[in-house]
Amino acid sequence: MSYVELHCHSNFSFLDGASHIEELVLRTAELGHKALALTDHDGLHGAMEFAQCARAWGVRPITGTDITLSNGHHLTLLCETQQGYANLCRLLTHAHLDHERGSPRVEPDALARHTEGLIALSGCRTGEVPSLVAAGRHREAEEVARRYEAWFGKENFFIELQNNLVYGDQRRNRGLGDLAGHIGVGVVATGDVHYHRRERHRLQDVLVAIKNRTSLDGSHRQRRANSEFYMRSSAEMAALFRDMPEAIANTERIAERCQFDLTRDLNYRFPDSPVPEGETQQSYLRKVCYNEAALRYPHFTPNIEQRLNEELGLVERHGLAGFFLIHREILQLATEVADQVKGRPYHGPPGRGRGSSVGSVICYLIGLSHIDPIANNLFLGRFLNEELTTVPDIDLDFAREIREKLMLRVYEHFGNEHVGLTAIFPTYRIRSAVREVGKALGLPSAELDRLAKAGDGFGSAKDIREVMRRDKHYRDKLGSPGWRHLADLVEEIAGFPRHISQHVGGMVIASQPLIELVPLEQSAMEGRVLMQWDKDSVDDARMIKIDFLALGMLSAVDECLDLIEEKHGKRIDLSRIDFNDQQVYDSICAADTMGVFQIESRAQMQSLPRVRPRSLDDLTVQVAIIRPGPIIGGAVNPYINRRLKREEATYDHPSLVPVLEETLGVIIFQEQVIQVAMAFSGFSAGQAEELRRAMSRKRSHEAMTRLKKQFIEGAIARKASVEVAETVFQKIIGFAGFGFPKSHAAAFGLLAYQTSWLREYYLAESLCALFNAQPMGFYGPHVLLNDGKRHGIEVLPLDINHSGADCSIEGSAVRIGMRYVRGLSRETALPVEAERRVNGNFRSLFDFLERTHAKREAVDNLIACGAFDAFGLERRELMWQLGLLYRSEGRATTQRQLALALPTEQDMVSLRPMTDWDRMTADYTILGMSPGHHPMSFLRSGLHEAIAPTHMLANLPDGVPVQVAGMVVVRQQPGSAKGFVFLLLEDEFGLANIIVRPGLYEANRSLVRGEPFIIVHGTLERRDGTINVAARGFTPLAVTRELAPTAHNFG
Amino acid sequence: MVADTRVANGAGKLRPLNQPRPVSVEVAANGTPLTVDGRTVEAIFETWRIEDEWWRTQPIRRMYWRLLLEAGRTVDVYRDNVRNLWYRQAYSG
């Protein structure tokens, strides 16, 4: 007799299910079950992933859930029809939105109104009917069962029987069987599956301990009694229910009825945009594009017209006219929002497109992109092609302040029921896994913390054994049971979703209410509502997702233009600057690019003097090349060598020449993967796009295997050898999904040039805008400040009568703003600025306190960093005054009651003035930067004379031993760097790039990771215009840790 | 007042309630008990399994049976699957 599992939890039953969806599906297929119902708790978070995976493995997916009722009991619901699915989504939305976040509950009246198309099973041991039967309360159990029967219908309600060899199961099942017979409803057996194989019960126990924030010992009552909650075979289930074969037979009968297929029956429709009378979506789009083309293309050539018509044809074929018109509508909303935010008409486009959409002429014409794809020879096929198996993806970048308000406007404009934010599911990586699993196991927390830190920030939990073996202390521990359990379980929990969170800016818009398509739940952010699906599920559902992204640099550029207009009286149009200014390219090639978009990072600065970009096309390559794709794909060095004419461009096959000629024979752009597959293996654009997507998604193992086979066969059919086909395929895989489309790189390259241009000609305004846009970029504000000073920009300290809430321009200098003071923020500093503007400068500390009621901590810090220096008193004396002026009211130290109008002479003491070191230390501690001195300027005199200042390194020849000292401002361990670690060291003169090879890093791990000031002993390396120090050893510099602002650590 | 029984204190005679007691069990080929301390098993009311403390050196792995013995007596027995021994112990969940 065949069995189908109708009650199964994956790890999307957060901290309860102990198997991945794929593991459950594969086990189902191995056991020969024809179908499987996924019934995660109170949600459909994994439902689409499950449906896709099950189909791929020949298992029929049944969509369902295990809901929690208002009385705390559970009920199992399965979708029979599309109406049932819509009802389920409504029920789950109600459960989440109408109750406290994290405690979804379904009210009885809501359940009663949403039963059509659903089959209900009475639930696990915590189901209401089973609980009552187990407690001997048979009359009440019958009442409840009859109520469900009345709501769902006799044919749609079943008594659920579970036998996991838990004490009481068999007795309860006998009672439930009697009840079912008495009221005339069917019985069905389920496994209450929580893991695919028995061995996983250990991880399930650990998850329960984590969920209850305790150890395994402390969660005895919450844990399951045994390891019997695994996926069973038909024979095993038949044996457990040998006295009730009907319960087994009904599993297949129910499964047969549940024909709703999430991969096919979702019925999502993208909304149409309102168009003038007499027009269709398509005709109106065509009209808009032609009107706009007349403006943007004064010479509307046949070539341009052909390209436009080709795109319009594809749009019509795929029914996407409304999609583009809706985006145009959103941009119009964005313009309105931008005007409101600025308080005046906004200059320039309110947002910029990025990604493959920048390759579309239609996107250019309707204002979604600011790059002419025809002039820049951008590839359309990645974005729009004949087959188009997924919907086009448009990402829009906005300045932060515009984006926040725009998203709210989109809700208002389209209606709250029609708009939803996409979710993400943060997963267990090595650090979180070690800490949480270790705590559950009761291992010492100090040891766990040290082990967690030994693992790399974003490292996979699957690397745990390697991390433990690297350290002798933990290597020895692997022999002991507790730590061995830790290693096993951390490996198993790798990649498990931990909880639901909000994706940064993905929104879905639908014509029908979204709550019939996917359940919504409350976000952690007040007032926001999430879909229970992430972007991959949204993609699989072919929903149109728009990404509203906040680009800090756009905020900075906006402000920079405002500052320039304020000071110089002219509004610069960045679309009309000279894009061929060689002075700007000189700075770029010299890697003088701190604060410049996309080309400021340490890796970029290393490659700029080698690649030497001299045009926007070159910058497009520059932006794209320092990405994991080209790096792991081995494209970077060959590209550079070929550009420097040290070697010839080579091609694995003649068909690749037209595709890769532009990039000297190597794959740099994401769409080149598509173009290679088309040219070399004869893939269609749609097939090639499927290959590209499969490479970048986690749910694609089966797809990748199939596509590789097609790729090799296609290549052979076009007369390539198997070896060459394998080589080319490996290059594609090495690239994987981690590269930029050319259109995206072009959009970013343009912004890189524009920000370089601003830096070149308006450095003070650029620096000021960057200060106000933090946090963003590669470098902390202290590094930007020191770079600005080295370029001759004066940075003025805080002054209570000159500083605004924000940093500002004063003459040709930059004045630090109050927002940087610890204890103050922009929001709390604005009223201070307003008070001074309205009622004049502050006359004394007392006057300031009286007028602003600022908190004690903030005033202390303002004094300490010199904001009141202009009053002529020593800082320590002012702090003393402050102490006299404040008197606590009870325990509240922020309360202030003036004891005296002014301190009297007998209250004053003589205090040692702050030294320059003290002031500098206070600046770094309070502001995170110092306009005065760099710490190394004080330490220099105590250093050995052999230690070279950074600006002297340029005078030294290649290969000489060298020592250099400084503050570590960046630490980087890129995943693509094979264990190498890179440091940026800053002294009072500049920066030095330090390369630490893997062995040296391992031997000095805690020093390299933790010391803020170090001396590096190494060898100078000069390569193609770059200067590095290859480290051989380190000595820490004994300086107080509180002095150093936190370095930016990457990887 | 209780009269003096004149019996010496017997602290050593105290024993905790419901400790597992070793029993001798004959089993069928599939592991099901047939006799318990020589008494025939008439029926099996219920079976259940307990597995716990797998993280310790002495985990708990037991298979329980609630049995009806001849002469109408009901007993709970379990097989300790770590030590391969049988015990009798009343179980209440």
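Each peptide among A:650-663, A:808-821 gets the average number of other Cβ atoms lying within 10 Å of its residues, and from highest to lowest they stand as A:808-821, A:650-663. Each residue of the range B:36-44 is assigned a 3J(HN,Hα), and the resulting list reads 10, 6, x, 8, 6, 7, 7, 7, 10 Hz, derived from the Karplus form 6.51 cos²θ - 1.76 cosθ + 1.60 (θ = phi - 60°), x at Gly and Pro. A quarter of the convex hull surface defined by the alpha-carbon atoms of the range A:569-621 gives 4.2 nm² as the mean projection.
In terms of the Cα gyration tensor, with a ≥ b ≥ c the square roots of its eigenvalues, is the range A:975-1031 rounded because a/c is under 1.5, prolate because a/b exceeds b/c, or oblate?
Oblate, because a/c is 1.5 or more while a/b does not exceed b/c.
Centre-to-centre, using Cα atoms only, the range A:623-686 and the range A:1020-1039 are separated by 33 Å.
Of the cross-linked pairs A:Lys645/A:Lys708; A:Lys472/A:Lys978; A:Lys453/A:Lys477, those separated by over 23 Å at the C-alpha level are A:Lys645/A:Lys708.
Exposure proxy ranking for A:Lys472, A:Lys708, A:Lys545, based on other Cβ atoms within 10 angstrom of each Cβ and starting from the fewest, stands as A:Lys472, A:Lys708, A:Lys545.
How would you classify the range A:931-1051 from its alpha-carbon gyration tensor, with a ≥ b ≥ c the square roots of the eigenvalues: rounded for a/c under 1.5, else prolate if a/b is greater than b/c, otherwise oblate?
In terms of gyration-tensor shape, oblate.
By the count of neighbouring beta-carbon atoms within 10 Å, fewest first, A:Trp533, B:Trp48 end up ordered B:Trp48, A:Trp533. Here each label is just a point 7 Å from Cα along the line to Cβ, and for B:Leu68 and A:Ser70 those points are 4.4 nm apart.
Relative contact order of chain A, please, whole-number percent, based on alpha carbon pairs below 8 angstrom and at least 6 residues apart. 8 percent.
Shielding by partners for peptide B:53-61, expressed as the average number of C-beta atoms from other protein chains within 10 Å of each residue's C-beta, is 4. Exposure proxy shown here: for A:Glu128, A:Glu491, the number of other Cβ atoms within 10 Å sets the order, fewest to most, as A:Glu491, A:Glu128. Remark: mean inter-chain Cβ contacts per residue of A:219-227 equal 3, using a 10 Å Cβ-Cβ cutoff to other protein chain atoms. DSSP bridge analysis restricted to chain A gives an antiparallel fraction near 65%, rounded to the nearest 5. Over the residues of chain A, the helix contribution to mean residue ellipticity at 222 nm works out to -13500 deg cm²/dmol, using -39500 (n - 2.57) for each DSSP H run of at least 4. Each of A:Cys258, A:Ala225, A:Met553 was placed along the dipole of chain A (beta-carbon charges, centred on the mean Cα), and the one lying farthest toward the positive end is A:Ala225.
How much of the calculated P(r) for the range A:805-889 lies past 21 Å, in percent of all Cα pairs?
So the pairs more than 21 Å apart make up 27 percent of the total in the range A:805-889.
Each part gets one Cα centre, and for the range A:411-477 versus the range A:546-580 those centres are 39 Å apart.
Remark: the A:Gln582-A:Val960 segment gains 132.7 nm on full extension, using 0.36 nm per residue and subtracting the alpha carbon distance. For A:Met952 and A:Ser445, a Förster radius of 45 Å and the Cβ-Cβ distance give a FRET efficiency of 0.45, rounded to the nearest 0.05. With a 10 Å cut-off around each Cβ of B:42-52, the average count of Cβ atoms from other chains is 5. Restricted to Cα atoms, the range B:20-89 shows a radius of gyration and a Dmax of 12.4, 42 angstrom. Contact order, relative form, for the range A:449-567: 20 percent (alpha carbon pairs under 8 Å, 6 or more residues apart, mean separation divided by residue count). Label sites at A:Glu827 and A:Met525, each approximated as a point 7 angstrom past Cα along Cα to Cβ, lie 1.4 nm apart. Go ahead and collect, in residue order, the members of the range A:41-63 whose backbone nitrogen is under 15 Å from a label point 7 Å along the Cα-Cβ direction of A:Val504. Those under the cut-off are none; the list is empty. A Förster radius of 35 Å, combined with the Cβ-Cβ distance separating A:Glu662 from A:Lys719, puts the computed FRET efficiency at roughly 0.90. Relative to the longest principal axis of the Cα atoms of chain A, the long axis of helix A:302-318 makes an angle of roughly 30 degrees.
Here the label points at A:Ser812 and A:Glu236, each 7 Å from Cα along the C-beta direction, are separated by 8.0 nm in the simple model. Between the range A:206-243 and the range B:47-93, the alpha-carbon centres lie 17 Å apart. For the range A:961-1032, the list of trypsin sites (Lys or Arg not before Pro) that fall in a loop by DSSP and count at most 13 other C-beta atoms within 10 angstrom reads A:Lys978. Given their separation in residues at 0.36 nm each and the Cα-Cα distance between them, A:Asn841 and A:Leu911 gain 22.5 nm when the chain is fully extended.
Past the 20 angstrom mark, what percentage of all C-alpha to C-alpha distances in the range A:349-493 do you count? Cα-Cα pairs of the range A:349-493 separated by over 20 Å account for 65 percent. Take every Cα pair under 8 Å whose residues are at least 6 apart in sequence, average their separation, divide by the length of the range A:740-807, and the relative contact order is 30 percent. Between A:Ala590 and A:Leu408, full extension at 0.36 nm per residue minus the direct alpha carbon distance yields a gain of 61.2 nm.
Restricting the calculation to Cα atoms, chain A yields a radius of gyration followed by a Dmax of 32.6, 99 Å.
Quick note: the coordinates plus some simple rules give every number you see, no bench work behind them. What you see is a predicted model; the values in this text were computed from it and never measured. FYI the Cβ positions are ideal-geometry reconstructions off the backbone, even for glycines, and counts take in every protein chain you see.
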